[in-house]
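See structure below.
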Amino acid sequence: IAGGIMKLKIAVLSSGRGSNFSALLKNSRKEDSFFQIALLISDKENAGALKTAKEEGIPHFFVNPKDFENKEAFENKMVEIVNRYDCGLVCLAGYMRILSPSFLKAWKKDVINIHPSLLPAFPGLDAQKQALEYGVKFSGCTVHFVDEGMDTGLIIGQKVVPVLETDDEETLSKRILKEEHILYTEVVNKYAQGKIKNKR
């Protein structure tokens, strides 16, 4: 409890540099935050997010998919860790694997993800590249509930970013990322207050 607020414990899954993880962590430490990060799990030993978690004193785990005979066993291990920390939500932050139905079945609560496009447009990898190739005038980011499809779950929130004529993949990605950091925190805070519900 911080400032009289009972904070929702969240687990973050990340495969990469972890900028969304860092943004969530920073915002979770503000007085008006309704959530706290209980742990970070990564499937990549050298992920930036793991390094950040270590530096910031957040419980962190490298779960190596190669140590398990199949995907289900690997995912069950992650669910077991998340349950150990009594989490109420799992947030994907640059987690590069698709969660299987067995994960969603074993983990009875919600999973949310952030994606760098205005879903349902441009799901999957290289969303910014897809947007530029298609020639859209606006892109952005989406936070959605995770279901059994690829980026197909119920949309919770979106932020729009204009696509400039001078944009390349890097400049567009950077501009979208800034909005991702804001949107993800907003959504998790609202979820923690019970203002967002999954329809399933």
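The values are calculated or read from the model by the stated rules, or taken from the named source; none is laboratory data. All of these numbers come straight from a predicted model, not from anything done at the bench. Cβ placement follows ideal geometry from the backbone for every residue including glycine, while neighbour counts extend to all protein chains displayed. Side chains are part of the model used for accessible areas, which takes the heavy atoms of the whole protein and leaves out ligands, DNA and RNA. Shrake-Rupley method; radii C 1.70, N 1.55, O 1.52, S 1.80 Å.
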Legend entry - Lys109 vs. criteria open to solvent by 30 Å² or more (accessible area, probe 1.4 Å), under 21 Å from Leu25 (Cβ atoms) and either free of Cβ contacts under 8 Å to residues at least 24 places away in the same chain or under 16 Å from the mean Cα position of the chain (by Cα) (or both): yes
Legend entry - Output for the range 86-104, where each listed residue is open to solvent by 20 Å² or more (accessible area, probe 1.4 Å), touching a residue at least 60 places away in the same chain (Cβ under 8 Å) and small (Gly, Ala, Ser): Gly94
Inset, instruction - Return the pairs, sorted by first residue and then second, in which the second residue is open to solvent by less than 70 Å² (accessible area, probe 1.4 Å) and among the β-branched types (Val, Ile, Thr), the first residue lies in the range 74-85 and is within 15 Å of Lys108 (Cβ to Cβ), the beta carbons are less than 6 Å apart, and the residues are 6+ apart or on different chains. - result: Met78/Ile41; Met78/Val63
Inset, instruction - Kindly check whether there is at least one residue in the range 25-38 that is farther than 30 Å from Arg175 by Cβ and at pLDDT 95 or above. - result: yes
Inset, instruction - Would you mind telling me which numbered condition in (1) aliphatic (A, V, I, L, M); (2) at pLDDT 95 or above; (3) part of a helix (DSSP H, G or I); (4) closer than 20 Å to Thr152 by Cβ Ala73 fails? - result: (4)
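For the subset of the range 39-48 comprising residues that are assigned to a loop (DSSP other than H, G, I, E, B) and of a type outside the set (Asp, Glu), which member is farthest from the chain's Cα centre (by Cα)? Write out each step before concluding.
First, the residues of the range 39-48 that are assigned to a loop (DSSP other than H, G, I, E, B): 43-47.
If we keep only those that are of a type outside the set (Asp, Glu) too, we end up with 44, 46-47.
Numbers: Lys44: 16, Asn46: 18, Ala47: 15 Å.
Checking each candidate, the answer is Asn46.
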Legend entry - Residues of the range 49-67 satisfying the condition of being of a type outside the set (Asp, Glu), surrounded by 15 or more Cβ atoms within 10 Å (Cβ to Cβ) and part of a loop (DSSP other than H, G, I, E, B): Ile58, Pro59, Val63
Inset, instruction - Determine, yes or no, whether Phe122 is closer than 19 Å to Cys141 by Cβ, without any contact (Cβ under 8 Å) to a residue 40 or more places away in the chain, open to solvent by 20 Å² or more (accessible area, probe 1.4 Å) and among the aromatic types (Phe, Trp, Tyr). - result: yes
Legend entry - the range 187-200: number of residues that are within 14 Å of Ile155 (Cβ to Cβ) and open to solvent by less than 80 Å² (accessible area, probe 1.4 Å): 4
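Got a sec? Which of Ser117, Ser19 is touching a residue at least 24 places away in the same chain (Cβ under 8 Å), open to solvent by 10 Å² or more (accessible area, probe 1.4 Å) and of a type in the set (Ser, Thr, Tyr)? Reasoning before the result, please.
On the way: Ser117 fails: open to solvent by 10 Å² or more (accessible area, probe 1.4 Å).
The unique qualifying residue is Ser19.
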Legend entry - strands (runs of 3 or more DSSP E) lying entirely in the range 88-200 (those with 2 or more residues that are of a type in the set (S, T, N, Q)): 138-145
Inset, instruction - Output the qualifying pairs, or none if there are none: Cβ atoms under 8 angstrom, residues six or more apart or on different chains, first residue in the range 146-172 and under 18 Å from Leu104 (Cα atoms), second residue open to solvent by 80 Å² or more (accessible area, probe 1.4 Å) and among the hydrophobic types (A, V, I, L, M, F, W, C). - result: Met150/Ile98
